[in-house]
Amino acid sequence: MKNTKNTQIYQVPEESRHERLDVFLAQEMGISRSKVQKLIETGLVILDGREPKKSGERLTSTKQVEVKEEDASIKDAENKIKAKKLPKLDIVADTADYIVVNKPSGILVHPTQAGETDTLVNMLLVKYPEIKKVGEAEVRPGIVHRLDKDASGLLVIARTQKSFENLKKQFQDREVDKIYSVLVYGNFVEDSGQIDFEIDRGGDGRMVSRP
């Protein structure tokens, strides 16, 4: 992301060009999709020099997204990113360049709406205040990748900007192996088997499996 006076510019990486505009900006700006949609509706979002046709437009050939000026709600959200004592962090690794933390289920990684303070970011800022200026957005300092609220697992947090850029590139280049464990329940005919469904984005922008 590049900032100019009253404008935020987001470069669209190749792997994001299948995404909806509102989903992409919500992730990049750390705000809710409804707030992004308001920005789009008021003409504050520009795609490669033109206004988008709709908030759900796909970024198929878009290289750059501009947000002309910050909505007050975005500034409110950023102002809420303050250190807050929450349940003790489960730190798996602690180095000068990065932290590995075991995120518990039921907690957001970073704020997505103004007023949210019970997030992993708020917890991290208590112990690691230096990460506040690391990353691309004030609402998610040091955050290189994310897990959903209800998911638990390991997250790598950058402690320096150099480390952030290095880790981000590793994720973008798919050099990081991810292993997911899923708990299932119910009555199964077979004791073992394979589920082979494609994962894609649904009409609302969320990831879904398609039998």
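Since every read-out is calculated from the coordinates, none of them should be taken as a lab result. Please read all numbers here as calculations on a predicted model, not as lab measurements. FYI the Cβ positions are ideal-geometry reconstructions off the backbone, even for glycines, and counts take in every protein chain you see.
Here the residues ILE99, ILE46, ILE31, ILE179, ranked from fewest to most Cβ neighbours within 10 Å of their Cβ, fall in the order ILE179, ILE46, ILE99, ILE31. So, in Å, what gap is there between the alpha-carbon centers of the range 1-66 and the range 119-198? Computed from Cα coordinates, the inter-centre distance equals 22 Å. Scanning residues 5 or more positions from VAL134 or on other chains, those with amide H under 5 Å from its amide H are GLY142, with H placed 1.01 Å from N in the peptide plane.
Taking amide hydrogens as placed 1.01 Å from N in the peptide plane, the amide H of VAL12 sits under 5 Å from those of GLN64, VAL65, each at least 5 positions away in sequence or on another chain. For the peptides 103-112, 136-145, the ranking by packing is 136-145, 103-112, with the highest mean count of neighbouring Cβ atoms within 10 Å listed first.
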